[in-house]
1. Restricting attention to region 56-65, does a residue exist that is assigned to a helix (DSSP H, G or I) and either among the aliphatic types (A, V, I, L, M) or more than 30 Å from GLY507 (Cα to Cα) (or both)?
2. If only one of HIS402, HIS293 is assigned to a helix (DSSP H, G or I) and open to solvent by 20 Å² or more (accessible area, probe 1.4 Å), which one is it?
3. Taking only pairs six or more apart or across chains, which ones have beta-carbon atoms under 7 Å, a first residue in region 4-29 that is closer than 15 Å to PHE169 by Cα, and a second residue that is among the basic types (Lys, Arg)?
4. Does region 252-270 contain any residue that is of a type in the set (Ser, Thr, Tyr), open to solvent by less than 90 Å² (accessible area, probe 1.4 Å), closer than 21 Å to SER509 by Cβ and modelled with pLDDT of 85 or more?
5. Looking at region 469-479, which of its residues are at pLDDT 80 or above and over 25 Å from THR303 (Cα atoms)?
6. Considering only residues that are touching a Phe, Trp or Tyr at 6+ places or on another chain (Cβ under 7 Å) and either at pLDDT below 85 or closer than 16 Å to MET386 by Cβ (or both), which ones fall in region 487-513?
7. Can you report the number of residues in region 156-200 which are of a type in the set (Gly, Ala, Ser) and open to solvent by 30 Å² or more (accessible area, probe 1.4 Å)?
Amino acid sequence: MGKEPLQVLNALDVAKTQWYHFTAIIIAGMGFFTDAYDLFCISLVTKLLGRIYYHVDAAPKPGTLPPNVAAAVNGVAFCGTLSGQLFFGWLGDKMGRKRVYGMTLMMMVVCSIGSGLSFGHNSQSVMTTLCFFRFWLGFGIGGDYPLSATIMSEYSNKKTRGAFIAAVFAMQGFGILGGGIFSIIVSLAFKTKFDAPPYAVDPIASTVPQADYVWRIIVMAGAFPAALTYYWRTKMPETARYTALVAKNTTQAASDMSKVLHMDIEVEAQQPTQLTPNANAYGLFSKEFLRRHGTHLLGTTTTWFLLDIAFYSQNLFQKDIFSAIGWIPPAATMNAIEEVYRISRAQTLIALCSTVPGYWFTVAFIDKMGRFAIQLMGFFFMTVFMFALAIPYHHWTLKDQHIGFVILYSLTFFFANFGPNATTFVVPAEVFPARFRSTCHGISSASGKLGAMVGAFGFLYLAQNQDKSKTDAGYPPGIGVQNSLLLLGGLNLLGILFTFLVPEAKGKSLEEMSGENEDGTIQELASRA
């Protein structure tokens, strides 16, 4: 009988899909909606920041952020996110998922508002305060990764757990889409009210003073969905798996889940005496942990790292693609607010056609195909399409071939989302013991964010033209776009290999996957009856 699951955990595993599952998806998913909005909205307004704060008189082109400032504004949130993933992932296992969940959300609300209120009228003071608030905004966002995934996995049933966790992550697509749509609305309203000539006609008048409100409104709006969700997060009970397996209170776990599931769950009676530690328990990074889960952790960290290098390198090509197909005309032919509108419209179209559908394909098929198959397929097609872009790269630069390039580019990121971008989020929430689950997800996601920094900034330098006279302003020569694409294809190929370290969790309980049915954790709790 020692290996029988606890009644409360079994009730969760076999529960039919019901309203509380969707409530949990929305509450956890709105955090991810906000995460994506906050992380990606800055790319919509960086050109505007350059025009406002780095204007150079008599220059033929509008002002742009210097490379070091652009890297700081875009990258500081990634640094904060990585730190937050590690810290809040660890804290979620120590204090409980629910208590830490509210902290991350409040931090996101305060720092979104702070980002928009960045004070000062000279470039240095505004950029410094913006970077300060975006670091702490990222810190809060980082906590949302392990906590959202862990909470959703621990609330879910065996049959549809993959789809539920993937649905939380898929809200990221709606966050990117929401950011683009809101930016379109704001920029269109300001463009209509404060019309201005293009930069080429009048460099000074092309950036109206009111343009400074545009970027502030866009970055501050991220506080709104986070604030809406805060109340409902505080009302969610602690997950039964944390309460039973980590806090060792099966009575409370059964009571909480009876209310959530609207059914009577038999409470395993508990001895009032203090228990001695389980002889089979092992610590994080102990020899026993490494024997049981070392390859799993290596698989989840390396695949997420490799995926995010490719995923966040997309910024390399977007400006060229958008310009080539006429979505974004040359900067000098537009005024400042019109440029925000054009960039937002282009990003929204990409999200609508490529990003969002990929996420929801994963939601639809993950519990049918399995995590392993989707991740392997995603990495395979990303490799194929990256090489298809890279090998005949000069062919794609010809004027008549731009549409083909856009199609292949879109397919690459469709299969990133219907593939490893979703599965790398799902799997770490399923394969580790409850007492390490949030920590190990935090480590895995932090590894991914490290890859994001390499993709977003390392490749920004690598992809520069090998001819110094043709590089972007302020950048040294690199290896060129073609060689960068070949390198990215090779990294995706490595992703295929490391996927074989990741176990398949389809149709299995969390305790089966983590080994808690065998390591004495369940037996210890059952013996208290």
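1. Looking through region 56-65, none of the residues is assigned to a helix (DSSP H, G or I) and either among the aliphatic types (A, V, I, L, M) or more than 30 Å from GLY507 (Cα to Cα) (or both).
2. On the way: HIS293 fails: open to solvent by 20 Å² or more (accessible area, probe 1.4 Å).
Exactly one of HIS402, HIS293 is assigned to a helix (DSSP H, G or I) and open to solvent by 20 Å² or more (accessible area, probe 1.4 Å), namely HIS402.
3. Here the result reads ILE27/ARG233, each pair linking region 4-29 to a residue that is among the basic types (Lys, Arg).
4. no
5. Keep residues of region 469-479 that are at pLDDT 80 or above, which gives 476-479.
Listed by number, the residues that qualify are PRO476, PRO477, GLY478.
6. GLY489, ASN492, GLY495, ILE496
7. Count: 2.
Here is a yes/no grid of residues against (1) of a type in the set (Gly, Ala, Ser); (2) surrounded by fewer than 18 Cβ atoms within 10 Å (Cβ to Cβ); (3) touching a strand residue (DSSP E or B) at 6+ places or on another chain (Cβ under 7 Å):
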residue: LEU6; (1), (2), (3): no, no, no
residue: ILE27; (1), (2), (3): no, no, no
residue: THR34; (1), (2), (3): no, no, no
residue: ILE42; (1), (2), (3): no, no, no
residue: ARG51; (1), (2), (3): no, no, no
residue: ASN68; (1), (2), (3): no, yes, no
residue: GLY80; (1), (2), (3): yes, no, no
residue: LEU91; (1), (2), (3): no, no, no
residue: MET95; (1), (2), (3): no, yes, no
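The values are calculated or read from the model by the stated rules, or taken from the named source; none is laboratory data. Keep in mind that what you see is a predicted model, and the values were worked out from it rather than measured. Heads up, the Cβs are rebuilt from the backbone with ideal geometry, glycines too, and the neighbour counts pull from every protein chain shown. Ligands, DNA and RNA are excluded from the accessible area calculation, which covers all protein heavy atoms including side chains. Shrake-Rupley method; radii C 1.70, N 1.55, O 1.52, S 1.80 Å.
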